Amino acid sequence: MKVLIIHSGTIGETLLTTPIIRILKTERDAQIHLLLPQERMSILNENPYCDKTFDLDAGILFLRNRTKNEEYDWIIDLKNDLKSFLISRANSQNRLAFKNKRFKRWLYTKTRINLLPKKHLVDQYIDLLQPLSIKGDNLGLDFYIPEKDEVENNWLPKTHQHGYAAVSINAQHATRKLPVNRLIELCDRINKPIVLIGGDKEKGTATEIETFFEQGIPEEEEAIEGLNKKAIIFNACGKFNFNQQASLIKNASWVFTYDNDHMHIAAAFKKQLFSIWGNTTPHFGMYPYRTQFTVFENNKLNCRPCAFGGYSNCPKGHFKCMNDVTFDFYLPD
């Protein structure tokens, strides 16, 4: 059996397709091809269950002709828009299309009426495969790191070579991120060696946190008084590529993330995960999948969730979803 899966989305959303890729391969011995944006292809380069990828950003006519030659038995259309429909029509009569939840997400953010499915997006994908008599394996997400990108222990400072907490500080939107003073509070609460993970855009924030714990609390800083100031920070932001960031997460004892791509990578490696939610919510169906996790969120607001994505600033101006969120956890010695 030959199957084409059509998908578009973030890195994290691409990872949410890996269970159905694996299940189709192991249960039906299917040949799996994926049609997805070019910048997402590298996420699946090392995946042993994926046989071929095509660039979704190419033109419709080109893709129709190129994929038609493959003679697919089934098309799993997780994108389900006009482009994916036209490509599907040229390839196979056997099409399973995922019903997007855009309207239900919009309704939830505008009215707080929640008609979204009460199950994870991955399980919704698996349900879509029922016509293929798929059972599922309950194994979670897959992420495969190239050997060259595995971070060696001696790449880290000696203070971090016997265990650390990974704190991912990147997010696509500002309303998914903690303010710097709350990040400092979180790091102090962790009180372990910490690796800050992010890209070039997070360098400035990471440097502020690193400098704070090196110099201590300024006398005039009242917002974060009473902290222990004992966290040992390694600023990894901008120093490692994406696969190496994944390796840092894989090797961490604990992982703290926002609602971001790193959250799903941590879930793939079955890490003990603490997820911090600002303007978004786990009710959207993309919380950590099949791993031990704790959610930090402020449920006392009638303005949350305010968007499926996010904003550059809080629409209400108070940003209470992050300013007032409580960090309640215990990390063993």
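Which of the following residues is at pLDDT below 95 and buried (at least 19 other Cβ atoms within 10 Å of the Cβ): A231, A266? Break it down stepwise before answering.
Details: A266 fails: at pLDDT below 95.
Just one listed residue meets the conditions, A231.
Of all the residues that make up the range 300-333, how many are surrounded by 15 or more Cβ atoms within 10 Å (Cβ to Cβ), assigned to a loop (DSSP other than H, G, I, E, B), of a type in the set (A, V, I, L, M, F, W, C) and in contact (Cβ under 8 Å) with a residue 40 or more places away in the chain?
7
Within the range 120-135, can you find the residues that are β-branched (V, I, T) and at pLDDT below 95?
Once the filter is applied, which keeps residues that are β-branched (V, I, T) and at pLDDT below 95, the range 120-135 yields only I134.
How many residues are more than 20 Å from the chain's Cα centre (by Cα) and loosely packed, with under 13 Cβ neighbours inside 10 Å if we restrict to the range 33-51?
Total satisfying the criteria: 1.
Determine whether N69 is under 23 Å from the mean Cα position of the chain (by Cα) and not assigned by TED's automatic domain parsing to the domain that holds A267.
no
When the range 1-28 is examined, which residues are found to be under 14 Å from the mean Cα position of the chain (by Cα) and free of Cβ contacts under 8 Å to residues at least 40 places away in the same chain?
G9, T14 - these are the residues of the range 1-28 that are under 14 Å from the mean Cα position of the chain (by Cα) and free of Cβ contacts under 8 Å to residues at least 40 places away in the same chain.
Going through the range 105-129 one residue at a time, which ones are part of a loop (DSSP other than H, G, I, E, B) and under 24 Å from R304 (Cβ atoms)?
R112, I113, N114, L115, L116, P117, K118, K119, H120
Which of the residues spanning the range 249-263 are within 15 Å of the chain's Cα centre (by Cα) and either closer than 19 Å to H160 by Cβ or at pLDDT below 95 (or both)?
Scanning the range 249-263 gives I249, K250, V255, F256, T257, H262.
Residues checked against (1) outside the structural domain of M263 (by TED's automatic domain parsing); (2) farther than 23 Å from E13 by Cα; (3) surrounded by fewer than 17 Cβ atoms within 10 Å (Cβ to Cβ):
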site	(1), (2), (3)
S84	yes, no, no
S92	yes, yes, no
R102	yes, no, yes
L107	yes, no, yes
R112	yes, yes, yes
L128	yes, no, no
T159	no, yes, yes
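Can you tell me how many residues in the range 275-290 are in contact with a strand residue (DSSP E or B) (Cβ under 9 Å, 6 or more places away or on another chain) and surrounded by fewer than 19 Cβ atoms within 10 Å (Cβ to Cβ)?
The qualifying residues number 1.
Table: residues versus (1) at pLDDT below 95; (2) in contact with a His (Cβ under 9 Å, 6 or more places away or on another chain); (3) assigned to a helix (DSSP H, G or I).
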position: I5; (1), (2), (3): no, yes, no
position: E13; (1), (2), (3): no, yes, yes
position: I20; (1), (2), (3): no, no, yes
position: S42; (1), (2), (3): yes, no, yes
position: L63; (1), (2), (3): yes, no, yes
position: E71; (1), (2), (3): yes, no, no
position: I76; (1), (2), (3): no, yes, no
position: K83; (1), (2), (3): yes, no, yes
position: F103; (1), (2), (3): no, no, yes
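The values are calculated or read from the model by the stated rules, or taken from the named source; none is laboratory data. What you see is a predicted model; the values in this text were computed from it and never measured. Methodologically, a virtual Cβ is constructed for each residue, glycine included, from the backbone with ideal geometry; neighbour enumeration extends over all protein chains shown.
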